[in-house]
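J.: Input: one structure, supplied below.
The values are calculated or read from the model by the stated rules, or taken from the named source; none is laboratory data. Fair warning: this is a prediction, and the values are worked out from it, not measured in the lab. Here the Cβ positions follow ideal geometry from the backbone for every residue, glycine too, while neighbour counts run over all protein chains shown. We work out accessible area using only protein heavy atoms, side chains counted, and drop any ligands, DNA or RNA first. Shrake-Rupley method; radii C 1.70, N 1.55, O 1.52, S 1.80 Å.
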Amino acid sequence: MSRIRVPRTGPGRPRTRPVAVLADRAYSSRAIRSHLRRRGIRAVIPQPSDQVSHRLRRGRLGGRPPGFDREAYKQRDTVERCINRLKQWRGLATRTDKLAIAYQAALHLAGILIWARR
């Protein structure tokens, strides 16, 4: 989390605190949620069914469920599908390029070809 850099549209150094973090169920731990809450970052992370059942089993002591924005989570699905489409290129999926600039060039080329097909 400390290495996150959100570039600004104008001049200035990048922000280190995004508005929201979209993650899958694997990152729905109490430690991650409390860290994001301390930094003032909105967490859009669905709860796994076992965490929901444990919370419900405790009754009132289980607390209220964390907020979840379905519309924001749909954006994560769009990004995941785009990444999966890019990974259809074997060189991008296996990361066989030794230089970062060659990998980035392949990423740009794959993006252009995907865009051109549509």
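J.: Within region 71-80, can one find any residue that is at negative phi, touching a helix residue (DSSP H, G or I) at 6+ places or on another chain (Cβ under 6 Å) and not in a loop (DSSP other than H, G, I, E, B)?
T.: Looking through region 71-80, none of the residues is at negative phi, touching a helix residue (DSSP H, G or I) at 6+ places or on another chain (Cβ under 6 Å) and not in a loop (DSSP other than H, G, I, E, B).
J.: Then there's this: Show the residue pairs meeting these rules: Cβ distance below 6 Å; 6+ apart or different chains; first residue within region 73-96 and closer than 22 Å to A20 by Cβ; second residue open to solvent by less than 70 Å² (accessible area, probe 1.4 Å) and among the β-branched types (V, I, T).
T.: Y73/V44
J.: Residues of region 35-67 being in contact with an Asp or Glu (Cβ under 9 Å, 6 or more places away or on another chain) and not in a loop (DSSP other than H, G, I, E, B), which ones?
T.: Passing the criteria: R42, V44.
J.: Residues in region 69-77: is at least one among the hydroxyl-bearing types (S, T, Y) and in contact with a Pro (Cβ under 9 Å, 6 or more places away or on another chain)?
T.: yes
J.: Right, here's the next one. Could you check how many residues of region 90-101 are at pLDDT 85 or above and either surrounded by 11 or more Cβ atoms within 10 Å (Cβ to Cβ) or part of a loop (DSSP other than H, G, I, E, B) (or both)?
T.: Going through region 90-101 one residue at a time, the tally reaches 1.
J.: OK, next. Please pick out the residue among A26, A31 that is of a type in the set (A, V, I, L, M, F, W, C), farther than 25 Å from H108 by Cα and at pLDDT 85 or above.
T.: That would be A31, the only listed residue that is of a type in the set (A, V, I, L, M, F, W, C), farther than 25 Å from H108 by Cα and at pLDDT 85 or above.
J.: Kindly check whether there is at least one residue in region 27-48 that is open to solvent by less than 100 Å² (accessible area, probe 1.4 Å), over 14 Å from the mean Cα position of the chain (by Cα) and among the β-branched types (V, I, T).
T.: No, because not a single residue in region 27-48 is open to solvent by less than 100 Å² (accessible area, probe 1.4 Å), over 14 Å from the mean Cα position of the chain (by Cα) and among the β-branched types (V, I, T).
J.: Would it be correct to say that A110 is assigned to a helix (DSSP H, G or I), open to solvent by less than 90 Å² (accessible area, probe 1.4 Å), farther than 30 Å from S34 by Cα and not aromatic (F, W, Y)?
T.: Yes; evaluated as a whole, the condition is true for this residue.
J.: V21 passes all but one of (1) within 21 Å of P65 (Cβ to Cβ); (2) open to solvent by 60 Å² or more (accessible area, probe 1.4 Å); which number fails?
T.: (2)
J.: Restricting region 56-81 to residues that are more than 19 Å from D24 (Cα to Cα) and open to solvent by less than 100 Å² (accessible area, probe 1.4 Å), which is modelled with the highest pLDDT?
T.: Only one residue tops the list, namely G59.
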